[in-house]
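Below: the structure, in structure tokens.
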Amino acid sequence: SDTACKNRPLDLVFIVDSSRSVRPEEFEKVKIFLSEMIDTLDVGERTTRVAVMNYASTVKVEFPLRTYFDKDSMKQAVSRIEPLSSGTMTGLAIQTAMDEVFTEEMGTRPAAFNIPKVVIVVTDGRPQDQVQDVAASARTAGIEIYAVGVERADMQSLRIMASEPLDEHVFYVETYGVIEKLTSRFRETFCAVNVCALGTHGCQQVCVSDGASHLCDCYEGYTLNPDKRTCSAVDMCAPGRHECDQLCVSNNGSYVCDCYEGYILNPDKKTCSAMDMCAPGRHDCAQVCLSNDGSYSCGCYEGYTLNPDKKTCSAADVCVPGRHDCEQLCLRDDDLSYTRDCHQGYILNPDRKTCSRRNRLLIPFHPSRTSSLVTAEESCKCEAIVALQDSVTSRLEALSTK
């Protein structure tokens, strides 16, 4: 059936002659042949990859193996190819294919995949350079060469280029008008039983057909297990596998970058920058936030102390020893201020800090009496007057300082 008879996976390169001898309308026939060939192939990234080269006296890689993996894009690219119009440097074209197209950078799959490397050369003339040695070198490198001659093509040159057996690798058509006939021939040549299409391959993720055999492969981010059938997710966060500045978060064969607390991911999604933790809404400090390279600590205004929770603040007692400059008494007015006062019998000095002993009120002198004749009653009255005066004076001074 069609599903069981697809072409085996190939890395296939078409090398087409567009020298002066190929007329414009004939070159259009070559492009139709290429498009019809593409239609017969099982094109895809994991099946057959196609490249097209155009040559005359110079060589142009129209597109390498890594560029297109769908038929429509390939055929559109083929339709835009223009002839180069002079010379027939076939050897140079094959050498360029080895140097610039059959490389892993340009889309050729690794040797371990055992994907055949195939060249189809389409020409209508005789090579103007030494093609024999170059073709031999290509075949030794494992490249299978098919030579297609049209009209004036030199058969001996075709046989020199092609791989063995020659009767399976050398084709000839009388005119470009019938070159499409070769499409079915190549389809038969490339057709093989596709084990992957039959559904009996046992591959967990990807089956790559190889003629009557097959190989298992894995999706990107997975690696083939020793049983050659199943796949395991690659730890993309292992050292050397990622490009994250701070944190790598593995995610089923892929990864994303993240940052430590206090840092934010930059627009490149790889590097991190310290964020201002003291910006509004980012911290829980009651009064003062102190930023410190992606972290922060809390502080308090003058006159307040940080509570044990390291976030909130309480007013400091301004009258505790060591916090005020009162010589005798400190009177707390509110959370942050105080007034100075003195003990009974003392008055506040003009510096409003220190205190001096008050002068005692003198007892009035009565000429008719001597001090030695003062009665006990009069003495008590004097003491009471002094005490009253001390009390009134202290209250007045206290009021005057507020």
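The values are calculated or read from the model by the stated rules, or taken from the named source; none is laboratory data. This is a predicted model, so every value here is computed, not measured. When we count neighbours, we look across all protein chains shown, and the Cβ atoms used for this are built from the backbone with ideal geometry, even at glycine. We work out accessible area using only protein heavy atoms, side chains counted, and drop any ligands, DNA or RNA first. Shrake-Rupley method; radii C 1.70, N 1.55, O 1.52, S 1.80 Å.
Side notes on the structure shown:
- The set of residues from the stretch 104-115 being open to solvent by 30 Å² or more (accessible area, probe 1.4 Å) and not hydrophobic (A, V, I, L, M, F, W, C) comprises Glu104, Glu105, Pro110, Asn114.
- Only one entry of Glu174, Glu180, Glu243, Glu168 meets the criterion of being among the acidic types (Asp, Glu), at pLDDT 85 or above and under 21 Å from Val119 (Cα atoms), and that entry is Glu168.
- Boolean, Asp72 is open to solvent by 40 Å² or more (accessible area, probe 1.4 Å), closer than 20 Å to Ile143 by Cα and without any contact (Cβ under 8 Å) to a residue 12 or more places away in the chain: no
- So Ile38, is it of a type outside the set (D, E, K, R), touching a helix residue (DSSP H, G or I) at 6+ places or on another chain (Cβ under 6 Å) and closer than 16 Å to Ile120 by Cα: yes
- Of the residues making up the stretch 86-101, at least one is in contact with a Gly (Cβ under 7 Å, 6 or more places away or on another chain), in the same structural domain as Arg126 (by the TED database) and closer than 24 Å to Asp129 by Cβ.
- Out of Tyr219, Tyr260, one residue alone is open to solvent by 60 Å² or more (accessible area, probe 1.4 Å), modelled with pLDDT of 85 or more and either among the aliphatic types (A, V, I, L, M) or within 21 Å of Glu45 (Cβ to Cβ) (or both). It is Tyr219.
- Answer residue from the stretch 289-320, given it is surrounded by 17 or more Cβ atoms within 10 Å (Cβ to Cβ) and of a type outside the set (A, V, I, L, M, F, W, C) and is farthest from Asp333 (Cα to Cα) among those: Gly294
- Residues of the stretch 234-243 include none that is outside the structural domain of Cys216 (by the TED database), in contact with a Leu (Cβ under 9 Å, 6 or more places away or on another chain) and farther than 30 Å from Val208 by Cα.
- Scanning the stretch 54-77 for residues being more than 36 Å from the chain's Cα centre (by Cα) and hydrophobic (A, V, I, L, M, F, W, C) gives a total of 2.
- Filtering the stretch 85-95 to residues that are open to solvent by 20 Å² or more (accessible area, probe 1.4 Å) and on the phi < 0 side of the Ramachandran plot leaves Ser86, Met89, Leu92, Gln95.
- Within the stretch 311-347, considering residues that are assigned to a strand (DSSP E or B) and among the hydroxyl-bearing types (Ser, Thr, Tyr), the one modelled with the lowest pLDDT: Tyr338
- Filter result for Thr123 (of a type outside the set (A, V, I, L, M) and buried (at least 22 other Cβ atoms within 10 Å of the Cβ)): yes
- Listed by first and then second residue, the pairs with beta-carbon distance under 6 Å, at least 6 apart or on different chains, first residue in the stretch 8-28 and in a helix (DSSP H, G or I), second surrounded by fewer than 23 Cβ atoms within 10 Å (Cβ to Cβ) and modelled with pLDDT of 90 or more, are Phe27/Pro83.
- Any hit, the stretch 274-288, residues being under 15 Å from the mean Cα position of the chain (by Cα) and open to solvent by 70 Å² or more (accessible area, probe 1.4 Å): no
- Selected residue (criterion: modelled with the lowest pLDDT) from residues of the stretch 1-32 that are open to solvent by less than 10 Å² (accessible area, probe 1.4 Å) and under 44 Å from the mean Cα position of the chain (by Cα): Pro9
- Of the residues making up the stretch 220-235, those that are outside any loop (DSSP other than H, G, I, E, B) and over 11 Å from Cys203 (Cβ atoms) are Tyr222, Thr223, Ser232, Ala233.
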